[in-house]
Amino acid sequence: MLKVGLTGGIAAGKSVVGEMFAGLGAQVIQADEISHQLMQPGEDVCREVVRHFGSEILQADGSVNRARLAELAFGSKPSRVQELNQIVHPTVIRRQQEWMEQVRQRDPHAVAIVEAALILEASMAGNLDRLVVVTCRPEQRVERWARRLKVDEETARSEVARRMAAQLPDEEKIKAADFVIDNSGFLEETRRQVAEIYGKLKREAEK
């Protein structure tokens, strides 16, 4: 089985690319979805996050309001992103590894892809065989974030800059990548790149 990381800066299009890989036959899991599960009532990570950031981040059902948590983590001076990551990342990484083992048992020749924004920042790359980085033009990040959250471009620009400050720049991610997907153009071009890379990954997984 081939263990692959899929990463990129904010609003670069990781999820779109992940869906394309899944459509071709790859097994894909999102670190963000695991994080969402960990923020539900009864989860140890949820309790620890509340202990650090306060009950004000809780919603009526006892789950964590992730937008409010992000506001506290990214908006604090100094930033508390690292504090949050130290609580969440170990469990996310462990669950990713458990998922990959389940995939391996089902299909020893699978391409198993973990989609995560902070693969390099969380030192996850050492557990992976290949790394795919998705990029786009800086102004596209702002436009996509504005559309996604239905906010004006000035608000989006501020939020994108704030979040990117907690991530490695694209230049560093590209240096570490085995494959780079330029998601600046039409989806058809992105799909072509994904198909070409998946073919290489699948051949390697089947060796």
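The values are calculated or read from the model by the stated rules, or taken from the named source; none is laboratory data. What you see is a predicted model, and the numbers here were worked out from it, not measured in a lab. Cβ sites come from the backbone with ideal geometry, for glycine too, and all protein chains shown count toward neighbours.
Worth pointing out:
- Selected residue [of a type outside the set (Asp, Glu), on the phi < 0 side of the Ramachandran plot and touching a residue at least 40 places away in the same chain (Cβ under 8 Å)] from Val103, Val50, Val64: Val103
- Among (1) touching a residue at least 24 places away in the same chain (Cβ under 8 Å); (2) part of a helix (DSSP H, G or I); (3) of a type outside the set (Val, Ile, Thr) - the single one Glu98 does not satisfy: (1)
- Residue in the stretch 13-47 that is farthest from Leu201 (Cα to Cα), counting only those that are among the charged types (D, E, K, R) and without any contact (Cβ under 8 Å) to a residue 60 or more places away in the chain: Arg47
- Some residue of the stretch 12-23 being out of contact with any helix residue (DSSP H, G or I) (no Cβ under 6 Å at 6 or more places or on another chain), of a type in the set (D, E, K, R), at pLDDT 95 or above and buried (at least 20 other Cβ atoms within 10 Å of the Cβ): yes
- Filtered residues of the stretch 129-162 (kept if assigned to a helix (DSSP H, G or I) and either in contact with a helix residue (DSSP H, G or I) (Cβ under 6 Å, 6 or more places away or on another chain) or of a type in the set (Phe, Trp, Tyr) (or both)): Arg141, Val142, Trp145, Ala146, Glu153, Ala156, Arg157, Val160, Arg162
- Subset tally (residues that are exposed (fewer than 14 other Cβ atoms within 10 Å of the Cβ), within 24 Å of Gly5 (Cα to Cα) and of a type in the set (D, E, K, R)) for the stretch 149-181: 3
- Screening Trp99 with (1) modelled with pLDDT of 95 or more; (2) touching a strand residue (DSSP E or B) at 6+ places or on another chain (Cβ under 6 Å); (3) crowded, with 18+ Cβ neighbours inside 10 Å gives one miss only, at (3).
- Of all residues assigned to the stretch 120-131, none qualifies as being over 27 Å from Val180 (Cα atoms), over 15 Å from the mean Cα position of the chain (by Cα) and modelled with pLDDT of 90 or more.
- The residue pairs whose first member lies in the stretch 173-202 and is in a strand (DSSP E or B), whose second member is of a type in the set (D, E, K, R), and whose beta carbons are closer than 8 Å, counting only pairs six or more residues apart or on different chains, are Phe179/Arg130; Phe179/Lys200; Asp182/Glu189.
- All conditions in (1) surrounded by 15 or more Cβ atoms within 10 Å (Cβ to Cβ); (2) out of contact with any Lys or Arg (no Cβ under 7 Å at 6 or more places or on another chain); (3) not aromatic (Phe, Trp, Tyr) hold for Gln86, with the sole exception of (1).
- Annotation: of all residues in the stretch 44-82 being charged (D, E, K, R), modelled with pLDDT of 95 or more and within 22 Å of the chain's Cα centre (by Cα), the one that is surrounded by the fewest Cβ atoms within 10 Å (Cβ to Cβ) is Asp44.
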